[in-house]
């Protein structure tokens, strides 16, 4: 247990997991739509406030897992209830807890039918998402990873758009099919190490063949979740049909689980295989960046545009992870957070337009800048952030990733650069249309009195704050991850050097 | 102390006598229902009372131990649950209800005998007692449309059943011929000594056939869809759940006869497991009638149960036990919904469940939970059972089997998900509200709690099952 710093005081992590769940249970027995709204808001806010303690109590000088909790759960198979966070997961946990109140607020008016069930689903989602980032036991991780499918499926299937059936089943099938092999890999690892403890599985000298297969099983599960090209086809469907809060949760948190999986499992558990597969994954990432960019450029549906831009942005994240150096990985983690903030905000923006015009078509939303100045101000900042304009959060992330990329391989990084240009192209295209449009704009004057309400400003303002904060002063965010990332890079390098040495020795 | 050994059996025997007298009278449908529910309820308590009993009876042909007592408790619990969910017995006409209850009780009694039998002839007799009573339940369905569909089902059931029994008896004759004994505990060392002889393996495999029929393992599954569809909903609820416990109990006992070097039987079990899973899941994909769908899904689940047997290890057997107990709870939860939604005992198609969330929210939740549980999605018992089975099988090196089983999870999710979608997302159109009385509500909540509790805290039951299995020998 030397990897875990046990927390003997207030069990922050357990409380964070179980508070939303308890809230969901309570809502089950409380009638009334407004009770459900306020109840969910209070629960998510309390969770967010409690989670802030994690940041203040976090010790950035150690790579060990902090706020640890460790209890026996199922001794016959050596399954434990182990929780802990390190520099990699801390920011993701905070991202989740801080976004959830905004999701609840964002659905305040958008969701009109079956409000209570909707809020219950959101709260269960929050519990399982937080658990995924905190779990240090593979079975616990897997249970939460899969359990999350149920509320997410219901969010899309019940409150979704016209093609919700298709989108929700596709989402469920894709992600489930991806993770069944993950389960086999988990069991195989358990049989090698004798426990399901994730840190225990790291840094073990598995045979290269074994690492290959485990890596492939991991890769399939996580690449579908990210989603990486060519596993991305569920994403646009799910995003377009999901209600706003569903899209936000999906884009901001769910996708991060895939990249988090790469960082937490692929790199430290199967370093040699990671090293071997690295070139292919880097090129897949580059394809994803360019493909996402080009496809986004062609979209008429704003939600689809943002969805495809996600494919591109997540391509940057996987690129950063698999260059396997400190800048790249730090950039990737920061970019995960940035994408969560920016894309979440963009989906909220699209949702706000949809609530007014009941359309997500770009052509219907042209030229509203004149009538909704506050709205387009927010939209402009988030779009600039999405295309990584200097001074916004994504710039820092993408810059770090590209620095790491150039250090690893100049061709790969050079090919990713056009992705950044494409991002500018599709975002400016959208901005130009929404803000100014052309002389053939539809009459938008009726929107004049319908600029953002106070509630909507409250939703978007904190996100804008973080966009600028990370963009101008990223140090507090990067500082917490330095030690963990250094440790991770060392883990990978040591294992790879060892295996190279073995090969050399055998060669002589 | 001897009384505790035989208490559940004696009690059920007396209960069947009471029911027998009720069948003689006229218009006793109500009384017999109350009587049988009372008997089933007390029987659960009796089983609890004799839970820790241990000993041999009837010249050692009948063994009472933790293993058998766990199964007896589960069989009694399942029996009670089926009676409660089918309280109105919509699918069976009033005049035959006393007989219906009598035969259901006798079938349960047969199963209770079965799980304690450790001698081939006792096993045979107990199995037949439970089977023949079941065969009679199927044609008792009310023949409203004059199609006599239930007769066809009953004929199919009995014919396939008799063939399976014949196969089993044939296998028993081999075992007896090879060893000169019918007692399992004496068979075991003798069979292990001649483990590699083909005759021994064929004998064991054929004996298994009789229980494969009950459990609906490929290729003994042919009766399943028609019987599930043709029998009344309440009968199907019973056939789909309780007898499978007995089958698994005996399969575990018979599999123990396989020596570690008897890889041919293991290979056979592996092939049957894979065939069952693929066959059941692929055909379930296209079903419209929910009972038929559950029948095919049951075939797939039977394949999963075999995953525990192929390990030839105590932990594997315990995993199979855990899985089948979980399956019992999940399938009964499904049938609570089916029997309540069905208005006059007619079959329920998947479309009939449209918009159930509006018509009966609690039932919709129950169905959703049991569907996700059957699909093996955590945190429900279906996942935990599957996980323990896969872990055990992989530990013994059955990598291909484990991968194929995992793939089947992905296939199966589609049809379970369709039911969930219809239940929660479809519009009820003009379908009427479903009345859920207090007791049905309580039963479904209890079942849901068990499904979740077994899923998140399996340790207690697994430990109990492991110690039960290791104490068999």
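Annotations for the structure displayed:
- Some residue of segment B:223-244 being closer than 23 Å to residue B:330 by Cα and assigned to a loop (DSSP other than H, G, I, E, B): yes
- Qualifying residue in segment B:384-396 (condition: more than 9 Å from chain A (Cβ to nearest Cβ), assigned to a helix (DSSP H, G or I) and more than 23 Å from the chain's Cα centre (by Cα)): no
- Hey, residue A:27 surrounded by fewer than 19 Cβ atoms within 10 Å (Cβ to Cβ) and in a helix (DSSP H, G or I) or not: no
- Annotation: of all residues in segment B:397-419 being under 18 Å from residue B:272 (Cα atoms) and within 7 Å of chain A (Cβ to nearest Cβ), the one that is surrounded by the most Cβ atoms within 10 Å (Cβ to Cβ) is B:409.
- For residue B:378: the one exception among (1) at pLDDT below 90; (2) within 14 Å of chain A (Cβ to nearest Cβ); (3) touching a helix residue (DSSP H, G or I) at 6+ places or on another chain (Cβ under 7 Å); (4) part of a helix (DSSP H, G or I): (4)
- Residues that are without any contact (Cβ under 8 Å) to a residue 24 or more places away in the chain and facing chain B (nearest Cβ under 10 Å) within segment A:178-209 comprise A:180, A:187, A:191, listed in sequence order.
- For residue B:357: the one exception among (1) more than 13 Å from chain A (Cβ to nearest Cβ); (2) touching a helix residue (DSSP H, G or I) at 6+ places or on another chain (Cβ under 9 Å); (3) at pLDDT below 90: (1)
- Filtering segment A:143-158 to residues that are more than 7 Å from chain B (Cβ to nearest Cβ) and either surrounded by fewer than 24 Cβ atoms within 10 Å (Cβ to Cβ) or in contact with a helix residue (DSSP H, G or I) (Cβ under 6 Å, 6 or more places away or on another chain) (or both) leaves A:144, A:145, A:148, A:151, A:153, A:155, A:156.
- Of B:268, B:250, B:257, B:282, all but one fail to be crowded, with 20+ Cβ neighbours inside 10 Å and in a helix (DSSP H, G or I); the exception is B:250.
- Taken over segment B:420-468, residues that are touching a strand residue (DSSP E or B) at 6+ places or on another chain (Cβ under 9 Å) and either assigned to a helix (DSSP H, G or I) or more than 10 Å from chain A (Cβ to nearest Cβ) (or both) amount to 3.
- Counting only helices (runs of 4 or more DSSP H) that sit wholly inside segment B:1-101, those with at least 2 residues that are in contact with a strand residue (DSSP E or B) (Cβ under 8 Å, 6 or more places away or on another chain) and buried (at least 16 other Cβ atoms within 10 Å of the Cβ) are B:2-24.
- Condition met for residue B:161 (more than 20 Å from residue B:269 (Cβ to Cβ) and either within 23 Å of the chain's Cα centre (by Cα) or assigned to a helix (DSSP H, G or I) (or both)): yes
- When A:96, A:82, A:165 are screened for being assigned to a helix (DSSP H, G or I), touching a residue at least 12 places away in the same chain (Cβ under 8 Å) and either within 14 Å of chain B (Cβ to nearest Cβ) or crowded, with 24+ Cβ neighbours inside 10 Å (or both), only A:96 passes.
- Among residues that are closer than 22 Å to residue B:445 by Cβ, over 19 Å from the mean Cα position of the chain (by Cα) and in a helix (DSSP H, G or I), residue B:315 is not included.
- Test: residue in segment A:452-463 that is under 23 Å from the mean Cα position of the chain (by Cα), exposed (fewer than 14 other Cβ atoms within 10 Å of the Cβ) and within 16 Å of residue A:384 (Cα to Cα): yes
The values are calculated or read from the model by the stated rules, or taken from the named source; none is laboratory data. Every value quoted in this text rests on a predicted model; they were computed, and no experiment measured them. So basically every Cβ, Gly included, is an ideal-geometry build from the backbone, and we count neighbours across all protein chains shown.
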